[in-house]
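Working notes, beginning with the structure itself.
The values are calculated or read from the model by the stated rules, or taken from the named source; none is laboratory data. This one's a predicted model, so the numbers in the text were calculated from it and none came from an experiment. A quick note on method: Cβ atoms are made from the backbone with ideal geometry, for glycine too, and the neighbour counts reach across all protein chains shown. Only protein heavy atoms, including side chains, enter the accessible area calculation; ligands, DNA and RNA are left aside. Shrake-Rupley method; radii C 1.70, N 1.55, O 1.52, S 1.80 Å.
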Amino acid sequence: MKNNVTPKRQDRKSKKWLKIPLSILGILLLVVIVYVAYVFISYNRIADNQAIDANGEALNAAAKTDTEYTAITYNAGFGAYTPDFTFFMDGGTQSWANSKDSVINCTNGYIDVIKHNEADIVCMQEVDRDSTRSYHVDQAQQVIDSLDGVSSTFAVNYHSAFLFYPVYQPHGKSYSGLLTISDMQINGGTRRSLPISEGFSKIVDLDRCYAVNRINVENGKELIVINAHLSAYGTNGDLQQQQLNMLFSDMKEEYEKGNYVICAGDFNHDFTGNSKDAFNKEITEEHSWAAPFPDELIPEHFSKVTDYASGVTVPSCRNCDKPYGPDCFTIIVDGFIVSDNVEPTYTDVIDTGFAYTDHNPVIMKFMLEK
């Protein structure tokens, strides 16, 4: 029996079927192009030098000299980092916290640490207010509501469009920032926008900033509390140096006015310069955020507070490519830098076992000199 289908008709039929997958591929490509355009068009940096308002009435109207106070710096990790949590940008798999209840429980964990140590000043980073990744829990309000007689400021550090990456669990939209709390009245402050990468990494990294908070001192001066979070992803040494130079310039200016200056936060450097080696003798991982802190950039009259009561024995940060354990890469990246009219009397990294976040808090007791 003869085949009535001519070669030309067969060729036309084959081309017809080929058009279907090509059409699907074209539609998918168009969707990707439109989405990428949406992300970049909707992206906008928060303006520099924005005023930030203080909320709440603090127990004390002003700070006193020759009185010991307690400060804590604590990266909250948006309430996601239980010890088993791994983060996709660190080589792990997760993008969201395990559950809404997990976020609330982790936030309650931070609160317990703050209350137990009777902190007078608290500087927290990566505190979410309305983010997909943390189930829209307002962590800042949860912390504030749990404390009596405090004033607070919140500086937005990250507000992003809905990110469809990673595909299996899109990171979603984010609204996150720096929360500063004190039982001494904060008289508002300023949000400073740090220089960041201009490449694609600006979409996935935070819109980095630091918050300059002002507290009156009984002698007529001001206690300047700076809450800082420097870049970790998509950075290089030059960009990190630009961020530190800007930060130190503001600190120096405040000191020259006669004010007391405390800078607390997550510096995304090996803060002591040797903690990477102290904690990772058998681990050969390298990370851009683990480079030694460039001490040579610290201006005159300022110093890091690294005289830990327990020595360099407790890390303040873990890499989240795997659940927390003895084979995890750990380091000290969090801490305090103070002017020489601020006298540290005690400092240490508090060992929470990374129970509530990928960071351990750092505590410092201090006095303001007359």
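Couplings for region 297-302, taken from phi via the Karplus curve 6.51 cos²θ - 1.76 cosθ + 1.60 with θ = phi - 60°, read 7, 5, x, 4, 6, 10 Hz in order; Gly and Pro are left as x. With respect to the chain, whose longest principal axis is taken over its alpha-carbon atoms, helix 237-256 is tilted by about 30°. Among L194, L178, L59, which one shows the biggest mean-square fluctuation in a GNM of the chain, springs joining Cα atoms closer than 10 Å? Highest fluctuation of the listed residues: L59. The structure-derived value of Rg/Rh (Cα atoms, Kirkwood Rh) appears in the list [x] 1.19; [y] 1.11; [z] 1.27 under the label [y]. Per residue, the average separation of C-alpha pairs within less than 8 Å and at least 6 apart gives the chain a relative contact order of 21 percent.
With K and R counted +1 and D and E -1, the other residues having a Cβ less than 14 Å from that of Q142 yield a net charge of -3.
Amide H contacts of G265 (H built 1.01 Å from N, in plane; Pro and chain starts excluded): A228, G335 sit under 5 Å, all sequence-distant by 5 or more or on other chains.
Residue-wise HN-Hα couplings along region 308-318, as the Karplus relation 6.51 cos²θ - 1.76 cosθ + 1.60 with θ = phi - 60° gives them from phi, are 5, 4, 9, x, 7, 10, 10, x, 9, 8, 10 Hz; Gly and Pro carry x.
Each Lys or Arg adds one and each Asp or Glu subtracts one; over the other residues with Cβ under 13 Å from the Cβ of D270, this totals -4. Computed from backbone phi with θ = phi - 60° and the Karplus coefficients 6.51, -1.76 and 1.60, the 3J(HN,Hα) list for region 339-354 is 6, 6, 9, 10, 9, x, 10, 6, 8, 6, 8, 7, 7, 9, x, 6 Hz; x is used for glycine and proline. Protein heavy-atom surface of the chain, 1.4 angstrom probe: 54% of the accessible area is carbon and sulfur, with nucleic acids and ligands not counted. Other residues whose C-beta falls under 9 angstrom from the C-beta of Y175 contribute a net charge of 0, scoring Lys and Arg +1 and Asp and Glu -1.
Which of Y168, Y81, Y308 moves the most in a Gaussian network model of the chain with Cα springs under 10 Å? Ranking Y168, Y81, Y308 by mean-square fluctuation puts Y168 first. Checking the Cα-Cα distances for K173/K257; K257/K365; K115/K257; K100/K276; K64/K304 against a 29 Å cut-off, the pairs over it are K173/K257; K115/K257; K100/K276. For the chain, the solvent-accessible area with a 1.4 angstrom probe is 45 square angstrom per residue.
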